[in-house]
Amino acid sequence: MRILSFLRWSIVGALLALLIAPAAITLATGTRLVVVDGKSMAPTYEFGDLVLIGDPHPDDFQPGHVVTVGRPDGSMYTHRIQEITDGKALLKGDGNTAADPDTISYDQLVGAVRGHIGGPLAAVLAYVQTTPARISLAVLVLALLLLPLERRPADAKDGEDGEDGGRKDSDTDPADQKDPPATSAEDTDRVLEDVFGLAGDRHPHTEKPSLLAPQEQNGPRQRRSSQW
C-alpha cells in the first residue's frame with residue numbers, strides 16, 4: 001500500500017511540475033517561450049525548439065546578436081544581426097544563404113534571444129503550453145488525487161469478521177461435536193407419570209411396564225358387543 005501511495009504522489013508531482021514548468025521558466029528568467037516553427041536558424045535552433053525571448057536592450061542592437069523582429073501583420077521572425085549601417089541593421093538567418101532583403105531599426109525589435117531549449121524537453125514543454133494538454137493534465141491530476149488506495153474501515157471490519165467466522169467454522173472438529181444423550185423408555189415413563197398423575201409407588205426392585213409400549217394380555221382383546 002505504501003508503494004502505491006508513493007507512486008501516486010510521484011506521478012502527481014511530475015504532472016504538476018509539467019503544468020507549472022513554462023510559467024516557472026518565464027517568471028524565473030523574465031522571458032517568454034517561443035516555439036521555433038521554421039528552419040531559417042538551423043542548425044543553431046532546430047524546428048520545434050524553444051527560444052527564450054526577453055525584452056530588447058540597446059546593447060542587443062549589435063552584430064552577432066540574435067533578435068526577434070515584429071512585422072506589420074503581427075507575425076515575428078528571429079534572425080542574427082550581420083551588420084549595422086546608419087542605424088539600420090541587416091539580418092540573416094543562420095540557415096539561409098542570403099541576408100534579409102530589408103533592414104530594420106532598433107524600434108522594430110520586439111525582443112532578443114536569452115536562452116534556448118532543445119531536444120525532447122522542448123517538445124514536452126511546447127505541448128504542455130497548449131490548452132488541450134493543460135486540461136488533460138489537470139483532469140489526470142484530479143483523478144489521481146481522488147483515487148482511493150485503501151479499503152474503508154467498514155469493509156475491512158466486515159472482511160475480518162468473515163475471516164474470523166470462517167476460521168471458527170473450520171477449526172471446529174466434527175469429532176468434538178457430541179450427540180445429545182438418548183432418552184430411555186423408563187425416563188419417558190417417569191415424565192408421563194408426573195404429568196398425567198400416573199405416578200405410583202416406585203420401588204427400585206419393581207419392574208413396571210413401559211407406558212409407551214402396548215400391554216399384551218393373555219389372549220386377544222374381545223370386543224364388546226353393542227346392540228342398537
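Positive-end ranking of PRO101, LEU19, PRO72 along the dipole of the range 1-140, with charges on Cβ about the Cα centre, is headed by LEU19. Under a 5 Å amide H cut-off, with hydrogens placed 1.01 Å from N, GLY70 pairs with VAL110 among residues at least 5 apart or on other chains.
Each value in this text was obtained by applying a stated rule to the coordinates, not by laboratory testing. Just so you know, these numbers come straight off a predicted model, no measurement behind them. Methodologically, a virtual Cβ is constructed for each residue, glycine included, from the backbone with ideal geometry; neighbour enumeration extends over all protein chains shown.
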